[in-house]
1. Quick one: grab Rg to one decimal and Dmax as a whole number for the chain, Cα atoms only, in Å.
2. Can you give me the distance in nm between label points at R72 and E138, each placed 7 Å from the Cα along the Cα-to-Cβ direction?
3. So which trypsin sites (Lys or Arg not before Pro) in the stretch 83-170 end up in coil per DSSP with only 13 or fewer other C-beta atoms within 10 Å?
4. Across the stretch 135-145, in residue order, what do the Karplus-derived ³J(HN,Hα) couplings come to in whole Hz, using 6.51 cos²θ - 1.76 cosθ + 1.60 with θ = phi - 60° and x for Gly and Pro?
5. Any chance you could count the Lys pairs in the stretch 7-201 whose alpha carbons are under 30 Å apart, treating pairs 8 or more apart or on different chains as valid?
6. For the chain, what is the accessible area per residue in Å², given a 1.4 Å probe and the full set of protein chains?
7. Taking only C-alpha pairs under 8 Å that are 6+ residues apart, what is the relative contact order of the stretch 7-201 in percent?
8. Using a 1.4 angstrom probe on heavy atoms only, work out the carbon and sulfur share of the accessible area of the stretch 7-201 in %.
Amino acid sequence: MKTPTYYYPHKMGRIILQGMEEVMGRNGADAVLHFASLDTLKTEPVVHAESAFSFEAVSLLQRTLEQLYGPRGGRGLALRIGRVCFKYGLREYGSILGLTEMAFRLLPLSTKLHLGAQAFAELFNKDTDQRVRVDENEQQIIWTIEHCPLCWERKAEAPVCHMAVGVLQESLYWLSGGKIFNVEETACIARGDPACTIVIDKIPLS
Ligand SMILES: [Zn+2]
């Protein structure tokens, strides 16, 4: 049986392309799209707004970064692109999620982490085919992704969903007003795990 095709909506795909462009420059981003034979992503989304960016395409973009820049270089770029994506994402979705309201910003950090994670997961669950579950214990937030676009149909020895790690790092930095948190992908579907799991320590490093 053929696996069904899952999608990110147009808006979210645009955010990834904007992130790539900011980190790599227009030429660098175009080179990645060209190498991945995904040049049409630059124009096509406008036509199929609700189902523009297939998970295959999202996964291929990240894999192409690793092919062009090596595993380490590609990982570094994907992390940076993820961080920048959060900034654009906040502009696009922040007010819908209630994250930019003063009342939210004034809450204690632990409450903001809890509510922020819930709202962010809800965005993916409602607007995309990606499924996110949030679990918490005293020390950690556990962000579990099923139907993960970043490692879609990939096989790897170690976790590869770096862009998701970057997005979460930047969201925590923003939520906490400039603190750094340990964020680590501990399980990945590409490695044979049942889901992609990103563990966030609730106590910042600095
Ligand atoms: Zn993944």
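1. Both quantities, over Cα of the chain: 16.4, 50 Å.
2. The two pseudo-label positions are separated by 3.8 nm.
3. Those satisfying the criteria are K155.
4. 10, 9, 10, 3, 9, 9, 10, 10, 9, 10, 10
5. Value for the stretch 7-201: 17.
6. Working: 10490 Å² over 206 residues.
Averaged over the residues of the chain, the accessible area is 51 Å².
7. 21
8. Carbon and sulfur atoms account for 51 percent of the accessible area of the stretch 7-201.
The values are calculated or read from the model by the stated rules, or taken from the named source; none is laboratory data. Owing to the predicted nature of the structure, the values given are computational and were not obtained by experimental measurement. All Cβ positions, glycine included, derive from the backbone under ideal geometry; neighbour counts span all protein chains shown. All accessible areas refer to the heavy atoms of the entire protein, side chains included, with ligands and DNA or RNA removed. Shrake-Rupley method; radii C 1.70, N 1.55, O 1.52, S 1.80 Å.
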